[in-house]
Amino acid sequence: MINNDVLRSVRYMLDLSDAHVANLVAMADPAVVLDRDEVQAYLRKDDEPGFAPLSDRLLGLFLDGLVVHCRGPREDATPRPPEKRVNNNAVLKKLRVAFELKDVDLHAIFEAAGHPISKPELSALFRQPGHKNFRLCGDQLLRYFLRGLTLRVRGG
């Protein structure tokens, strides 16, 4: 899925302002400073003028900042190393950690989005990439998850 779409979905889900989005990135890495114009460029549709593609690193920092915001800083106070490549599985994992979701919650989220998922399918999404039962999270599956999570968070 396009990184900008993930950012837009999470921003809508939590009703975040541009400044709050920038603050979440700064929570993960204080050295990275986003201004309002940069955030707005990331939130534009890809056919609008002024659109800027969101890098994997910035999306990872945003999601890490969301984890810190929702769950608090790590007890050992060591920052996570930034990820070079953020795929759909990583987005799914980070959102699961941020919202402290259990398997039952994940099943309910997919069910609410109209796409029920079995236990083996769900566990395969969270396995290590080298594992024989690992499954890549497709764009459509991540969209269902984001839609269901939005319904859960915003109500509806």
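Taking a quarter of the surface of the Cα convex hull of the chain gives a mean projected area of 9.7 nm².
At 0.36 nm per residue, and after removing the present C-alpha to C-alpha distance, how many nm does the segment from ALA90 to GLN128 gain when stretched out fully? Please report the intermediate quantities before stating the final value.
On the way: separation 38, 0.36 × 38 = 13.68 nm, distance 1.06 nm.
Gain in length upon complete extension: 12.6 nm.
Between the beta carbons of ASN23 and ARG154, assuming R0 = 25 Å, the FRET efficiency works out to 0.75 to the nearest 0.05.
The calculated FRET efficiency for GLU111 paired with GLN40, based on their beta-carbon distance and R0 = 35 Å, is about 0.50. Over segment 6-70, the ratio between the Cα radius of gyration and 2.2 N^0.38 Å evaluates to 1.02.
At a threshold of 8 angstrom on Cα-Cα distance, excluding pairs fewer than six apart, so keeping six or more, what relative contact order does segment 1-79 reach in percent? Don't jump to the answer; show the numbers that get you there.
Numbers: 76 pairs, mean separation 27.3, N = 79.
Relative contact order of segment 1-79: 35 percent.
The GluC sites (Glu not before Pro) of segment 64-156 meeting both criteria, a DSSP state outside H, G, I, E and B (loop) and at most 14 other C-beta atoms within 10 angstrom of the site's C-beta, are GLU75, GLU100.
Can you give the charge dipole size of the chain about its Cα centre, rounded to the nearest 20 debye, using +1 on the beta carbon of Lys and Arg and -1 on the beta carbon of Asp and Glu?
On the way: 23 positive and 21 negative charges, 120 e Å.
With only Lys, Arg, Asp and Glu charged at Cβ, the dipole is about 580 debye.
Quick one: Debye curve from the alpha-carbon atoms of segment 45-103 only, equal weights, vacuum; give me log10 I(q)/I(0) at q = 0.15, 0.21, 0.27 Å⁻¹ to two decimals. Treating every Cα as an identical point scatterer, log10 I(q)/I(0) equals -0.52, -0.87, -1.15.
Label-to-label distance, GLN140 versus ASP103, with points set 7 angstrom from Cα along the beta-carbon direction: 2.5 nm. For the residue pairs LYS45/LYS94; LYS45/LYS119; LYS93/LYS119; LYS84/LYS119, alpha carbon separations beyond 27 Å are given by LYS45/LYS119; LYS84/LYS119.
Contact order normalised by length for the chain, with contacts defined as Cα pairs under 8 Å and 6 or more residues apart; what percent is it? Write down the numbers at each step before the final one.
Values: 171 pairs, mean separation 35.7, N = 156.
Relative contact order here is 23 percent.
Kirkwood hydrodynamic radius computed over segment 73-156 comes to 13.8 Å, based on all pairs of distinct alpha carbons.
Per residue, how large is the accessible surface of segment 1-126? Use a 1.4 angstrom probe and give square angstrom.
On the way: 6820 Å² over 126 residues.
That works out to 54 Å² per residue.
The values are calculated or read from the model by the stated rules, or taken from the named source; none is laboratory data. A quick note: this is a predicted structure, and the numbers were derived from the prediction, not measured. With ideal geometry, Cβ positions are generated from the backbone for all residues, glycine too; neighbour counts draw on all protein chains shown. Calculation scope for accessible area: heavy atoms of the full protein, side chains included, ligands and nucleic acids excluded. Shrake-Rupley method; radii C 1.70, N 1.55, O 1.52, S 1.80 Å.
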